[in-house]
1. Can you name the condition, by its number, that Leu48 falls short on among (1) surrounded by fewer than 12 Cβ atoms within 10 Å (Cβ to Cβ); (2) modelled with pLDDT of 95 or more?
2. Search the range 43-55 for residues that are within 16 Å of His98 (Cβ to Cβ) and pair each with any residue that is among the small types (Gly, Ala, Ser) and part of a helix (DSSP H, G or I) when their beta-carbon atoms are under 6 Å apart and the residues are at least 6 apart or on different chains.
3. Considering each of Ile8, Ile26, Ile21 in turn, give the residue that is under 24 Å from Leu117 (Cβ atoms), loosely packed, with under 11 Cβ neighbours inside 10 Å and of a type in the set (Val, Ile, Thr).
4. Looking at Ala54 and the list (1) closer than 26 Å to Ala110 by Cα; (2) of a type in the set (A, V, I, L, M, F, W, C); (3) assigned to a loop (DSSP other than H, G, I, E, B), which single condition is not satisfied?
5. Looking at Ala84, is it part of a helix (DSSP H, G or I) and more than 21 Å from the chain's Cα centre (by Cα)?
6. Which condition number in (1) under 24 Å from Lys102 (Cβ atoms); (2) in contact (Cβ under 8 Å) with a residue 12 or more places away in the chain; (3) not acidic (Asp, Glu) is the one that Ser35 fails?
7. Name the single residue, out of those in the range 29-59 being under 24 Å from Leu117 (Cβ atoms) and among the aliphatic types (A, V, I, L, M), that is farthest from the chain's Cα centre (by Cα).
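The values are calculated or read from the model by the stated rules, or taken from the named source; none is laboratory data. What you see is a predicted model; the values in this text were computed from it and never measured. Cβ atoms come from the backbone with ideal geometry, glycine included; neighbour counts cover every protein chain shown.
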Amino acid sequence: MSTINPTIESARLAAEAVREINHRTINPGAFNWPSEAYDTIGELARLLHRLPQALEQIAVYLLAEHKAGRVVADWGSYAGGTEAAINDAVAALEQARHWVEKSAGELDLAHNATAGLSAAKAEA
């Protein structure tokens with residue numbers, strides 16, 4: 001019986017949580033108050049601010065495993081080209097890290113912009 005690596009399980013849970021947010025927010029009634037949208041934006045920003053560290057640590061792992069000779073590209077489009085596979089993966093992870101950081105900054109702006117929003121008072 002195999003067990004799932006806890007790192008993979010954590011990533012799977014994070015992906016599932018985002019999927020659930022997507023399903024919940026498809027409904028126009030997902031929020032009762034503007035402050036709930038504000039809080040959700042803030043939590044999503046927090047998620048993105050944390051993601052670059054994981055991406056960088058995965059790249060460091062791949063580079064170290066390659067340097068130690070403990071990884072080989074033995075199938076797929078990179079078969080026989082381990083160094084190219086590692087280099088492309090690390091470059092892609094770096095680009096992803098860059099765009100996630102940029103997206104986190106944009107969410108910070110949205111979070112700040114929604115900070116003062118409240119429900120309009122109903123007119124009598």
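1. Checking Leu48 against (1) surrounded by fewer than 12 Cβ atoms within 10 Å (Cβ to Cβ); (2) modelled with pLDDT of 95 or more, the one that fails is (1).
2. Note: pairs meeting the criteria are Leu48/Ser103; Leu48/Ala104; His49/Ala104; Leu55/Ala96.
3. Ile26
4. Unmet condition: (3).
5. Yes: the conditions hold for Ala84.
6. (1)
7. Step by step, filter the range 29-59, then rank; the result is Ala30.
A quick yes/no check of all residues on (1) acidic (Asp, Glu); (2) over 18 Å from the mean Cα position of the chain (by Cα); (3) surrounded by 12 or more Cβ atoms within 10 Å (Cβ to Cβ):
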{"position": "Ile4", "(1), (2), (3)": "no, yes, no"}
{"position": "Leu13", "(1), (2), (3)": "no, no, no"}
{"position": "Glu16", "(1), (2), (3)": "yes, no, no"}
{"position": "Ala64", "(1), (2), (3)": "no, yes, no"}
